[in-house]
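Read the structure below first, then the notes.
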Amino acid sequence: MQVTVESTGALERRMRVELPAERIEKEVDSRLKSVGKTVKIKGFRPGKVPPRVVKQRYGAQIRQEVLSDLMQQSYTDAVQQENLNPAGGPQIETEADGDGKDFTYVATFEVMPEVKLEGLDKIKVEKPEVEIGDSDLDDMIENLRKQKATWTEVERASAKGDRVVVDFEGKLKGEPIEGGQGKEVPVILGQGQMLPDFEKGLTGIKAGDEKTFKVKFPKDYHAEDLQGQKVEFTVNTHRVEEETLPPVDDKLAEMFNVEEGGLEQFMKDVRENMRHEADQKVKSQVREQLMEELLAANPIDIPQALKHQEMHSMQHEAMQRLGIEDHDQAPPLENFAESAEKRVRLGLLIRQLITDQDIRLDEERVRGHVEDMCAGYEKADEMVNMYLNTPQVRQQVEPIVLEQMAFDWLLEHGKARTKKVGFTEFMNG
């Protein structure tokens, strides 16, 4: 077997493999003899069919089978011989062949890039140090009280914070607009549910009022025919309701299923949940910074085969999220090109980091990740143990944990600067 390799791109290789005729003919003859022992042909006794007849009947088919098998075997042998690491399957082109002739084929494929990580000690990140003050806790309690608010009908004009229940119809130049009608629609004034002019038109009305006003639609409105237009709305008011929040006491705690410890325990739980939310966002932000720093310091070429594979995977994920089953309705594949390239490049860099630094999976980290997954479920401990003993779950969890351990290594060996920030500012930022 003679092998020559040519680089036709940064990662593309063109490998020419020549198989000697002797090897091919030897295998063809061997298979023809094997077939001749069992083949049944009219006019001949089994096992007594002349070789020339067997060759005439089955020679072409057996030759193709031999060539196909030898190509598969020789391709594997050739990439090992040349120390190549293909990133995907090859495209095969064959040259003319015939009895007694050498057989030659050309395999074109991409190889995995050689990754040499650089600049790891120069990676810089800013790590938010989130402070939860009393005012942040008060704001969160206020939001939770609003979740349990009750609404009481009032006999007065509507004001900011009230809920107004109306029928409405919108017309442009006297013609109803698509989606511009509603029956008994509740609108809380001041929350930005509707366009500013619409909320302004609902301010100061009472139950039983009918009112007509104009609403200017923004120039970037999603419906092109309404962009920048002034639409006339007529509303009929069913009722005006005032919000009543529950008092901050033990009963509020009960509303959120705090059975023991009353208000004190409830406040403690809320603060702990705020801390958990902040920590998760800090972790996500730091991770994003580490990703960008690692990518910027290590520009590498990636195999297009891996990129296209990732694009298809991301498209499938999007279909699942959107509940799309018909592939013809799937988001265009090109939409995922940039993200797929970034994901593949990052994956190659992280894999190399794990190899270079001999980062090994920490079983305690795996358990911690699974415990987070099961938090909030009944019999969480049982679920954790079940998941840890389920191979399919571990196959999904372990790579995530190992990747996070790699990011932790980057953070530890890079340069991190902390910045104090308040909870509300950070979470709304």
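In the range 229-256, of all residues being of a type in the set (S, T, N, Q) and outside any loop (DSSP other than H, G, I, E, B), the one that is farthest from residue 165 (Cα to Cα) corresponds to 244.
In this structure, is residue 42 over 30 Å from residue 348 (Cα atoms) and modelled with pLDDT of 85 or more?
So residue 42 does not fit the description; no.
Restricting the range 317-327 to residues that are surrounded by 13 or more Cβ atoms within 10 Å (Cβ to Cβ) and over 9 Å from the mean Cα position of the chain (by Cα), the residue that is farthest from residue 343 (Cα to Cα) is 324.
Residues in the range 283-306 that are surrounded by fewer than 19 Cβ atoms within 10 Å (Cβ to Cβ) and over 27 Å from residue 414 (Cβ atoms): 304, 305. Among all residues of the range 361-377, there is none that is among the hydroxyl-bearing types (Ser, Thr, Tyr), more than 23 Å from residue 307 (Cα to Cα) and either under 19 Å from the mean Cα position of the chain (by Cα) or surrounded by 13 or more Cβ atoms within 10 Å (Cβ to Cβ) (or both). The set of residues from the range 192-211 being within 17 Å of residue 167 (Cβ to Cβ), among the hydrophobic types (A, V, I, L, M, F, W, C) and part of a loop (DSSP other than H, G, I, E, B) comprises 194, 205, 207.
Checking the structure you have, find out if any residue of the range 87-103 is farther than 30 Å from residue 185 by Cα, at pLDDT below 95 and among the basic types (Lys, Arg). Within the range 87-103, one or more residues are farther than 30 Å from residue 185 by Cα, at pLDDT below 95 and among the basic types (Lys, Arg). Residues in the range 283-322 that are in contact (Cβ under 8 Å) with a residue 60 or more places away in the chain and more than 14 Å from residue 348 (Cα to Cα): 285, 286, 287, 289, 290, 293, 309. Scan the range 29-68 for residues that are touching a residue at least 12 places away in the same chain (Cβ under 8 Å), exposed (fewer than 14 other Cβ atoms within 10 Å of the Cβ) and not charged (D, E, K, R) and jot them down. Once the filter is applied, which keeps residues that are touching a residue at least 12 places away in the same chain (Cβ under 8 Å), exposed (fewer than 14 other Cβ atoms within 10 Å of the Cβ) and not charged (D, E, K, R), the range 29-68 yields only 51. Taken over the range 351-376, residues that are of a type outside the set (Asp, Glu) and more than 13 Å from residue 394 (Cα to Cα) amount to 11.
For the range 158-174, check the following and say yes or no: at least one residue is part of a loop (DSSP other than H, G, I, E, B), among the basic types (Lys, Arg) and under 30 Å from residue 236 (Cβ atoms). For the range 158-174, residues part of a loop (DSSP other than H, G, I, E, B), among the basic types (Lys, Arg) and under 30 Å from residue 236 (Cβ atoms): present.
Taken together, the residues in the range 172-196 that are at pLDDT below 95 and either more than 44 Å from the chain's Cα centre (by Cα) or of a type in the set (D, E, K, R) (or both) amount to 4.
Looking only at residues of the range 137-188 that are without any contact (Cβ under 8 Å) to a residue 40 or more places away in the chain and of a type in the set (Lys, Arg), we find that the one that is nearest to residue 229 (Cα to Cα) is 173.
The values are calculated or read from the model by the stated rules, or taken from the named source; none is laboratory data. For clarity, every value in this text was computed on a predicted model and none was experimentally measured. Quick reminder, even Gly has a Cβ in these numbers, built from the backbone with ideal geometry, and neighbours come from all protein chains shown.
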